[in-house]
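Some notes on the structure that comes next.
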Amino acid sequence: MSEKNIKLTLNIWRQESPEAKGHFEKFEKEISPDASILEVLDEINNHLEAEGKEPIAFESDCREGICGTCGFVINGQPHGPLPKTATCQLHMRNFKDGDSLYIEPFRATAFKILKDLIVDRSGFDKIQVAGGFISFNTGSAPDGNAISIAKEIADEALDAAECIGCGACVAACKNSSAMLFVGAKVSQFAILPQGQPERYERVQAMVKVMDENLFGSCTNTYACEAECPKGISVLNIARMNRDYFMAKLKTGTNE
Amino acid sequence: MIKLDSKIPDGKLSEKWTNHKFNMKVINPANKRKFDIIVVGSGLAGASAAATLGELGYKVKIFTFHDSTRRAHSIAAQGGINAAKNYQNDADSVYRLFYDTIKGGDFRGREANTWRLAEVSNNIIDQCVAQGVPFAREYGGTLANRSFGGAQVSRTFYARGETGQQLLLGAYGSMNRQVNLGNVEIIPRREFLDVVKIDGHARGIIVRNLVTGELEKYASQAVVLATGGYVNVYFLSTNAMNSNVTAAWRVHKRGAAFANPCYTQIHPTCLPVHGEDQSKLVLMSESLRNDGRIWVPKKPGDTRGPNEIPEDERDYYLERRYPAFGNLVPRDVASRNAKYVCDEGKGIAGGKAVYLDFSDAFNRIGKDGVKDKYGNLFDMYANITGVNPYNVPMNIYPAPHYSMGGLWVDYELMSTIPGMFVLGEANFSDHGANRLGASALMQGLSDGYFIIPYTMGNYLGTEKPEKVDVETNEFKETQQNVEENINKMLSINGKQTVDSIHKRLGHLLIDKVGMSRDEQGLKEVINKIRDLREEFWTDVKIVGKANDINQTLERAGRVADFLELGELMAKDALNRNESCGAHFREEYQTEDGEALRNDEEYKYVAAWEYKKEGEWELNKEDLEFENVKLATRSYK
Ligand SMILES: Cc1cc2nc3c(=O)[nH]c(=O)nc-3n(C[C@H](O)[C@H](O)[C@H](O)COP(=O)(O)OP(=O)(O)OC[C@H]3O[C@@H](n4cnc5c(N)ncnc54)[C@H](O)[C@@H]3O)c2cc1C
Ligand code: SF4
Ligand code: FES
């Protein structure tokens with residue numbers, strides 16, 4: 001654990017409501033390098049509250065990089081400068097004494113800003129409702145070992161299933177595309193034998209709702225993969241595109 | 001006095017659940033549509049319940065304070081989920097899982113519930129596989145297992161260190177399918193603040209819309225509470241930031257008995273506390289104890305680095321004291337022993353931390369082998385501490401993790417308020433005085449997928465509740481009550497922040513109602529908690545408005561409830577003049593420092609009935625053990 005405190009300037013986005021005009025508010029802080037960035041915000045909030053001022057609204061829950069609740073754009077990068085980490089996993093030892101930070105919400109047409117750093121990502125749930133599941137009723141499952149799945153297949157499916165639904169991919173994309181998020185779910189089930197029966201219907205249903213919810217299209221810049229805290233691979237997008245194309249051939253639809 | 005009727009069915013232990021399912025009322029499919037059910041909480045228990053009730057045809061509304069039902073605390077579970085599959089051919093069975101769980105809970109759980117849990121454990125694995133949960137597999141394609149504490153067989157199923165995430169997303173998917181089909185409606189960003197009772201039965205809820213601040217009323221014919229555990233009462237814990245007791249507590253104040261509040265689990269393998277501004281503690285999965293060896297320097301206050309301390313100057317205290325189970329003793333035993341060695345000054349550099357060392361595993365299966373099994377946990381450790389655990393042994397220390405106590409429920413998971421069911425960590429039911437690893441996920445999913453779908457039918461079929469309107473007086477009065485409470489908090493306008501009071505409560509509790517307790521300390525702490533509660537209600541400062549996103553107000557409401565719960569925890573611990581599982585009273589221990597139960601006098605569930613602030617009546621549910629012999633737990 002590190003010893004010496006560091007001094008930072010934090011410029012944090014404040015916005016009272018979805019309609020209000022936002023601005024950066026500046027805070028000078030001396031902090032422990034072992035603190036996480038969310039703990040720095042906690043600290044700032046404690047001081048604001050003690051002074052009777054409104055604290056900065058931001059969301060978090062697990063603070064371990066798994067729930068996908070947190071997420072800021074830090075100096076232009078969703079989840080900050082480190083690869084494969086969520087905002088809550090960013091510790092101040094990654095910054096130098098005297099650094100300036102700009103902290104903003106995940107911006108996208110599909111993600112309305114509700115207050116300060118809180119955005120509405122409910123579009124993601126709508127996509128999942130459209131087809132992010134295997135249709136099967138409780139109680140009718142065969143023995144778990146009745147379906148044999150090679151280790152590599154199970155691992156590959158888990159690589160895709162690890163998506164935490166944070167929305168960094170959308171915030172990173174100049175088109176606000178949700179292809180990485182959707183591709184991850186589509187791929188998990190496309191890889192596994194259990195997902196085969198609904199494979200082609202699923203991809204069509206999910207893509208349709210994705211388009212309806214103001215997420216943009218993918219132009220293969222791969223900014224999403226670079227910012228994804230789980231390192232979800234763009235190969236999942238390719239797989240989804242292939243399945244989507246196959247689905248059209250199979251079902252004869254051409255929209 | 002509440003009448004506690006546990007409704008445990010007659011008959012042989014192994015036939016109770018089957019018989020009960022046969023004897024319960026069944027509602028025909030066409031009629032299920034006529035019943036509205038509210039589920040609060042979308043963790044494993046709530047999501048699996050909503051999905052299955054929806055599949056059966058009930059009309060379900062599910063609420064969560066998160067922005068999405070995919071983000072409950074359950075998502076953070078790392079290690080795995082138990083089942084009695086015996087895939088490893090190591091003589092596992094429903095009986096063994098049942099026995100391990102009852103023994104692990106130090107004979108303070110209900111036999112019938114625990115048996116049922118073990119019985120349905122296998123269905124859970126099948127269910128999750130069918131949903132597409134990518135559990136770890138062997139090269140041959142079969143499901144893989146690992147070992148967890150308190151068991152000598154390998155029965156834990158896992159998906160890397162992300163088991164909770166994968167199970168929750170499975171349940172979330174099944175629930176989404178029901179949303180798609182029109183049976184389930186998800187209502188996120190709502191905080192449950194009270195239950196509405198009509199003629200004594202739970203018939204609706206009051207929630208606060210966390211975006212607009214408005215209070216909203218929802219009616220139903222039954223309510224299911226799956227709102228998780230309460231160890232955030234300690235301020236620092238491994239639980240997610242938003243986990244809290246409010247839902248359970250408000251229901252308790254409306255008449256639901258609260259059982260065994262002093263049974264809180266302090267998990268042995270967590271990252272040590274590093275500073276005052278820390279917001280939470282991080283768990284390093286218990287699965288690490290499969291291959292990691294726990295030790296401290298033999299010499300108190302030894303300041304040498306771990307790699308400079310030779311083998312013969314290390315104390316592998318768990319292996320030494322418990323040769324049969326070694327590093328895999330149950331959590332309460334492992335935690336208490338960590339505390340002992342640190343109290344003796346043998347912690348790392350004399351402080352509050354011990355080593356979790358993988359050197360042997362590196363030699364046996366190589367760094368790559370270790371990486372394959374625990375890679376993400378090692379990465380997490382490095383990320384948080386800035387130290388590479390492949391080179392230097394991990395530092396760990398116990399932290400509050402799980403609440404075995406919770407709302408009292410009968411065999412059908414119904415609380416003492418008829419029509420109010422409680423599932424998952426929020427109830428007290430299956431783990432006695434200590435929970436074994438990998439069994440909370442099992443319980444949450446068992447409650448949600450395999451128990452409530454049947455017992456709900458029995459309640460609705462028996463009571464045949466009518467639909468009610470939210471414009472009735474009961475709804476209006478309850479809502480008004482909630483509103484007054486909010487306004488009262490906002491009007492205090494004192495000097496102390498919500499967090500600062502919560503931290504002080506946490507310090508009091510971890511010190512006096514943590515890993516070890518004694519009469520004097522408990523008496524003292526009750527008074528201190530009362531004083532602190534007084535301070536809260538006269539001097540807390542909550543900025544912002546009621547009709548806006550106001551996270552300080554949300555936290556204030558939760559801390560107000562924690563301040564009442566904390567007192568009850570201490571009261572319960574004081575009442576229980578014995579040591580059992582996680583509840584360790586200094587006065588009651590064997591010669592070699594193990595927990596000393598008093599079965600004569602304390603073989604009961606303590607179900608507390610709320611009278612008024614700071615006043616409770618104790619109701620006892622005697623525990624009968626017909627199938628296991630009460631024994632002193634031994635892991636030697
Ligand atoms: C770090 C960690 C690792 C763990 N690892 C394991 C493991 O490997 N194996 C194992 O078996 N167990 C493990 N556990 C324990 C296990 O994860 C939990 O006990 C279990 O997930 C609890 O599930 P639940 O559904 O009861 O509650 P939760 O998952 O806590 O869900 C509660 C839900 O209720 C909602 N809620 C709460 N209050 C309100 C309110 N007032 N209004 C509206 N909504 C509300 C929340 O939004 C949430 O959706 C672990 C726990 C932790 C902390
Ligand atoms: S794909 Fe990655 S960035 Fe996008 S939501 Fe999932 S985890 Fe977040
Ligand atoms: S708070 Fe859960 S991922 Fe950051």
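The values are calculated or read from the model by the stated rules, or taken from the named source; none is laboratory data. Keep in mind the model is a prediction, meaning the values are calculated, not measured. Note that we place each Cβ from the backbone using ideal geometry, even for glycine, and neighbour counts take in every protein chain shown.
Applying the set (1) more than 16 Å from ligand 3 (Cβ to nearest atom); (2) outside any helix (DSSP H, G or I) to B:Y95 leaves exactly one unmet item: (2).
Here is a yes/no grid of residues against (1) without any contact (Cβ under 8 Å) to a residue 40 or more places away in the chain; (2) on the phi > 0 side of the Ramachandran plot:
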{"residue": "B:P306", "(1), (2)": "no, no"}
{"residue": "B:E313", "(1), (2)": "yes, no"}
{"residue": "B:V333", "(1), (2)": "no, no"}
{"residue": "B:V341", "(1), (2)": "no, no"}
{"residue": "B:E344", "(1), (2)": "no, no"}
{"residue": "B:G350", "(1), (2)": "no, yes"}
{"residue": "B:F358", "(1), (2)": "no, no"}
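Residues being facing chain B (nearest Cβ under 9 Å) and either modelled with pLDDT of 95 or more or within 16 Å of ligand 1 (Cβ to nearest atom) (or both) are entirely absent from region A:98-112. Considering region B:350-391, and only residues there that are of a type in the set (G, A, S), closer than 21 Å to B:V282 by Cα and touching a Pro at 6+ places or on another chain (Cβ under 7 Å), the residue that is surrounded by the fewest Cβ atoms within 10 Å (Cβ to Cβ) turns out to be B:A382. For the residues B:R558, B:R504, B:R576, the requirement of being under 30 Å from B:Y602 (Cα atoms), in contact (Cβ under 8 Å) with a residue 24 or more places away in the chain and of a type in the set (K, R) singles out B:R576.
Yes/no matrix, rows are residues, columns are (1) touching a His at 6+ places or on another chain (Cβ under 6 Å); (2) at pLDDT 95 or above; (3) surrounded by fewer than 24 Cβ atoms within 10 Å (Cβ to Cβ):
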| site | (1), (2), (3) |
| --- | --- |
| B:G229 | no, yes, no |
| B:T246 | no, yes, yes |
| B:E276 | no, no, yes |
| B:S287 | no, no, no |
| B:K298 | no, yes, yes |
| B:R314 | no, yes, yes |
| B:Y317 | no, yes, yes |
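Residues that are surrounded by fewer than 17 Cβ atoms within 10 Å (Cβ to Cβ) and assigned to a helix (DSSP H, G or I) were ranked within region A:200-218; the one that is farthest from the chain's Cα centre (by Cα) is A:E201.
Between A:G216, A:G131, the distinction of being more than 29 Å from B:K85 (Cα to Cα) and at the interface with another protein chain (Cβ under 10 Å from one of its Cβ atoms) belongs to A:G131 only.
Scanning region A:80-96 for residues that are within 16 Å of ligand 1 (Cβ to nearest atom) and assigned to a loop (DSSP other than H, G, I, E, B) gives a single hit, A:A86. Scanning region B:30-84 for residues that are of a type in the set (K, R) and within 15 Å of ligand 1 (Cβ to nearest atom) gives B:K61, B:R70, B:R71. Once region B:145-161 is narrowed to residues that are farther than 19 Å from B:D126 by Cβ and near ligand 1 (Cβ under 10 Å from one of its atoms), the residue that is farthest from the other protein chains (Cβ to nearest Cβ) is B:F148. How many residues are farther than 18 Å from A:C70 by Cβ, polar (S, T, N, Q) and surrounded by 15 or more Cβ atoms within 10 Å (Cβ to Cβ) when one looks only at region A:6-25? Qualifying residue count for the region: 1.
Of all the criteria given as (1) surrounded by fewer than 24 Cβ atoms within 10 Å (Cβ to Cβ); (2) near ligand 1 (Cβ under 9 Å from one of its atoms), the one not satisfied by B:S237 is (1).
When B:Q178, B:Q221 are checked against the criterion of being buried (at least 24 other Cβ atoms within 10 Å of the Cβ) and within 10 Å of another protein chain (Cβ to nearest Cβ), B:Q178 stands alone in meeting it. Cβ-Cβ below 7 Å, separation at least six or inter-chain, first residue in region B:30-49 and part of a helix (DSSP H, G or I), second within 16 Å of ligand 2 (Cβ to nearest atom): which pairs? If the second residue must be within 16 Å of ligand 2 (Cβ to nearest atom), the pairs left are B:L44/B:L168; B:A47/B:T69; B:A47/B:L168; B:A47/B:Y172. Here A:K4 meets each of (1) at pLDDT 95 or above; (2) more than 16 Å from ligand 3 (Cβ to nearest atom); (3) under 29 Å from B:I396 (Cα atoms) with one exception, condition (1). Scanning region A:66-81 for residues that are over 15 Å from B:N242 (Cα atoms) and within 15 Å of ligand 2 (Cβ to nearest atom) yields A:G71, A:F72, A:V73, A:I74, A:Q77, A:P78, A:H79, A:G80.
The test for being touching a Ser or Thr at 6+ places or on another chain (Cβ under 9 Å) and within 27 Å of A:P33 (Cβ to Cβ) holds for A:R93. Every listed requirement among (1) under 20 Å from the mean Cα position of the chain (by Cα); (2) in a loop (DSSP other than H, G, I, E, B); (3) away from every other protein chain (no Cβ under 11 Å) is met by B:Q88 save one, (1). Among residues of region B:514-529 that are without any contact (Cβ under 8 Å) to a residue 12 or more places away in the chain, those with a beta-carbon under 6 Å from a residue that is assigned to a helix (DSSP H, G or I) at least six positions away or on a different chain give the pairs B:G521/B:K512.
Scan region A:26-46 and tell me whether some residue there is part of a loop (DSSP other than H, G, I, E, B), out of contact with any Ser or Thr (no Cβ under 6 Å at 6 or more places or on another chain), more than 8 Å from chain B (Cβ to nearest Cβ) and surrounded by 13 or more Cβ atoms within 10 Å (Cβ to Cβ). The answer is no, given that none of the residues of region A:26-46 is part of a loop (DSSP other than H, G, I, E, B), out of contact with any Ser or Thr (no Cβ under 6 Å at 6 or more places or on another chain), more than 8 Å from chain B (Cβ to nearest Cβ) and surrounded by 13 or more Cβ atoms within 10 Å (Cβ to Cβ). The lone criterion from (1) closer than 27 Å to B:D511 by Cβ; (2) surrounded by fewer than 19 Cβ atoms within 10 Å (Cβ to Cβ); (3) among the aliphatic types (A, V, I, L, M) left unmet by B:A560 is number (2). Exactly one residue out of A:I153, A:I103 is hydrophobic (A, V, I, L, M, F, W, C), without any contact (Cβ under 8 Å) to a residue 60 or more places away in the chain and out of contact with any Asp or Glu (no Cβ under 8 Å at 6 or more places or on another chain), and it is A:I153. Annotation note: of A:A172, A:A141, A:A168, the sole residue that is on the phi < 0 side of the Ramachandran plot, within 7 Å of chain B (Cβ to nearest Cβ) and in contact with a helix residue (DSSP H, G or I) (Cβ under 6 Å, 6 or more places away or on another chain) is A:A141. Counting only residues that are out of contact with any Phe, Trp or Tyr (no Cβ under 8 Å at 6 or more places or on another chain) and in contact (Cβ under 8 Å) with a residue 12 or more places away in the chain, region B:118-148 holds 6 of them.
For region A:51-79, filtered to residues that are outside any loop (DSSP other than H, G, I, E, B) and within 13 Å of the chain's Cα centre (by Cα), the residue that is farthest from ligand 1 (Cβ to nearest atom) is A:Q77. Between B:D572, B:D539, B:D622, the distinction of being under 25 Å from B:G521 (Cβ atoms) and either more than 14 Å from chain A (Cβ to nearest Cβ) or surrounded by fewer than 14 Cβ atoms within 10 Å (Cβ to Cβ) (or both) belongs to B:D572 only.
List every residue pair whose Cβ atoms lie under 8 Å apart, where the two residues are 6 or more positions apart in sequence or sit on different chains, the first residue falls within region A:219-231 and is part of a loop (DSSP other than H, G, I, E, B), and the second residue, located anywhere, is more than 16 Å from ligand 3 (Cβ to nearest atom) and among the acidic types (D, E). Between residues of region A:219-231 that are part of a loop (DSSP other than H, G, I, E, B) and residues that are more than 16 Å from ligand 3 (Cβ to nearest atom) and among the acidic types (D, E), the close pairs are A:G231/A:E225.
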